Amino acid sequence: MKKMTSEEVLKKCKTEKIKFINLQFSDIDGIVKSVQIPTDQFPEAIKRGKWFDGSSIEGFARIAESDMFLLPDLDTFAVLPFDEDEYLSARVICDVMKPDGTPFDGDPRYILKKNLEEAKKLGYGYNVGPEIEFFLFKREEDGQIDLSPTDGAGYFDFSDDWAVFVRKEIANVASKMGIEIETIHHEVSTSQHEIDFKYSDALTAADNVVTLKFIIKAVAERFGLYATFMPKPVFGINGSGMHVHQSLSKNGKNAFFDKKDEYGLSNLAKKFIAGQLDQAKGICMVLSPLVNSYKRLVPGYEAPVYLSWARINRSALIRVPQISSGAEESTRIELRSPDPSCNPYLAFSLMLAAGMHGVKNDLKLLDPVEENIYKMNEKERSSKRIKTLPDSLGSAIEEFKRSGVAGGALSKHVFDRLVESNRIEWDNYRCQVSNWEVDEYLGKF
């Protein structure tokens, strides 16, 4: 999207007769929040920000320090294509600031900016390309969600059913809001779909993730459907992931490419992979943040569980996509554990920090594992030193607490609040009695 000055933005508001501006930001869980103002208040918001009470926002301030203000990032300005003329609105993503004008260290977007600045000091830019998977279900008249399959299609299936038009409308709306869509297709499971957009710097990509999730839900609603980014909404079929393609750039060039290497990877790329594998357990809680995330991360459903890397092996945590001759600038690695319920600002922050941990400490990368790890026994995995991701949110919390890399990449405020909120969720889950337990045990004992 073309960058615009404040004068150009205000002129566009006038020309397109924008009535309202949505000042958007994200809470610690990655949920989009919004303060709506009439357009005539926008010049003042651009100049001085817009005050709001942060005490009720998840992971933000205590009541005693609740006053904050939102400072619009005009690079994210976009007209919302949903509204009627008399309610025509635009949105702009904001940074959260403290009363003294400094960034609020609980703002996930600021956390990512800070980590990108650290990489920049070392001469690197961090680029990512997420692939967002989601399910579309029918919404009943009473508002309940019907989890029955809404289509009979499979992976990459060509069809002319209603889902094709939903995906096309999502792509159309995304394009109008400045997001360049690369591919749209049906995923493996029934009712499951994927939207991929063009890679970019990590901050722009994170903004695009939260925007695209909003678009997907809004378009689905208009078709009488419900879109969910819950990692595993249905038992027995593949869950939804958010695979993230990554690379580092230096002086405008892809720093991951080396034509002399068998995999086309530079030593920098290998150290970066080694760092992510080394820290995968410690950052897992943020990349897979829900109790439900660990229902997806089980063997047998194409979800990565084992800490290894490869080219063609999709049971590995990190994959190196094949690069076409002449397209060396697209050299990248693909991390397969994140799911679409994560906060992209925090997830990209920890992914970058983990990779740079490998670079700074000159970590050695183990050999790739191209065999199907799911079919290996424990002895075979042990011989190749293949470890596993945490198998529950409870285990992930403990790994996160021990991770110095996670603690260093996040502010103490965010680190502590993440531990607290995830511990509450895990304890609440552990206390529940599921239908499976009742069916399995009630008649036996």
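Every number here is computed from the coordinates shown, using simple stated rules; none is lab data. The structure presented is a predicted model; accordingly, all values stated were derived computationally and were not measured. Virtual Cβ from ideal backbone geometry, glycine too; neighbours counted across all protein chains shown.
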Exercise for the section: About the Cα centre of the chain, how large is the charge dipole given +1 on each Lys and Arg Cβ and -1 on each Asp and Glu Cβ? Please answer in debye to the nearest 20. Expected result: 1540
Handout entry: Approximate spin-label separation Asn172-Asn372, in nm, with each point projected 7 Å along Cα-to-Cβ
Key = 4.2
Problem - Packing-based order for 276-287, 39-50, using average beta carbon neighbours within 10 Å, highest first - result: 276-287, 39-50
Problem - Estimated translational D of segment 229-386 in µm²/s (Stokes, Kirkwood radius over Cα pairs; 25 °C; 0.890 mPa s) - result: 152
Completion exercise
A convex hull over the alpha carbons of segment 177-223 yields, per residue, a volume in Å³ of 86
Completion exercise
Residues of segment 232-246 with backbone N under 14 Å of the label point set 7 Å from the Cα of Asp439 along Cα→Cβ are 234-237
Problem - Extent along principal axes [Cα atoms of segment 249-301; Å; largest to smallest] - result: 42, 25, 18
Exercise for the section: Just subtract the alpha-carbon distance of Glu180 and Lys14 from 0.36 nm times their residue separation and send over the number in nm, one decimal. Expected result: 57.2 nm
Practice task
For a quick protection proxy, order the peptides 4-16, 417-429 by their average other-Cβ count within 10 Å, most packed first.
Solution key: 417-429, 4-16
Completion exercise
Given Cβ charges of +1 for Lys and Arg and -1 for Asp and Glu, the option among Leu317, Cys284, Tyr294 whose Cα lies farthest towards the positive end of the dipole of segment 260-345 is Tyr294
Practice task
Round to a whole angstrom and tell me the spacing of the C-alpha centers of segment 192-229 and segment 404-420.
Solution key: 27
Completion exercise
the chain: relative contact order from alpha carbon pairs under 8 Å, six or more residues apart, as a whole percent, is 15
Problem - Spacing of the two label points (7 Å from each Cα toward its C-beta) at Ile424 and Arg139, in nm - result: 2.7
Practice task
With a Förster radius of 51 Å, plug the Cβ-Cβ distance of Asp416 and Glu7 into 1/(1 + (r/R0)^6) and report the FRET value to the nearest 0.05.
Solution key: 0.75
Completion exercise
In whole µm²/s, the translational diffusion coefficient that Stokes-Einstein assigns to segment 6-104, given a Kirkwood hydrodynamic radius over C-alpha pairs, 37 °C and 0.692 mPa s, equals 235
Fill in the blank from the handout: Among (1) 72, 48, 42; (2) 68, 59, 50; (3) 62, 45, 43, the entry matching Cα extents along the principal axes in Å as calculated here is (2)
Practice task
Among the chymotrypsin sites (Phe, Trp or Tyr not before Pro) in segment 203-250, which ones are in a DSSP loop with at most 10 other Cβ atoms within 10 Å of the Cβ? Mind listing them?
Solution key: Phe235
Completion exercise
Gyration tensor on Cα atoms of segment 377-445, a ≥ b ≥ c root eigenvalues, a/c under 1.5 rounded, else prolate if a/b beats b/c, else oblate, says oblate
Exercise for the section: Measure up Lys3/Lys253; Lys138/Lys232; Lys11/Lys213; Lys19/Lys217 against 19 Å on the Cα-Cα distance and list the ones that go over. Expected result: Lys3/Lys253; Lys11/Lys213; Lys19/Lys217
Fill in the blank from the handout: Most packed first (mean Cβ within 10 Å per residue), the peptides 117-123, 170-176, 19-25, 347-353 order as 347-353, 19-25, 170-176, 117-123
Problem - Signed unit charges on C-beta, dipole axis of the chain, positive-most listed residue Tyr441, Ala347, Gly408 - result: Gly408
Fill in the blank from the handout: For Phe256, the residues 5 or more places away or on another chain with a placed amide H closer than 5 Å to its own amide H are Leu248
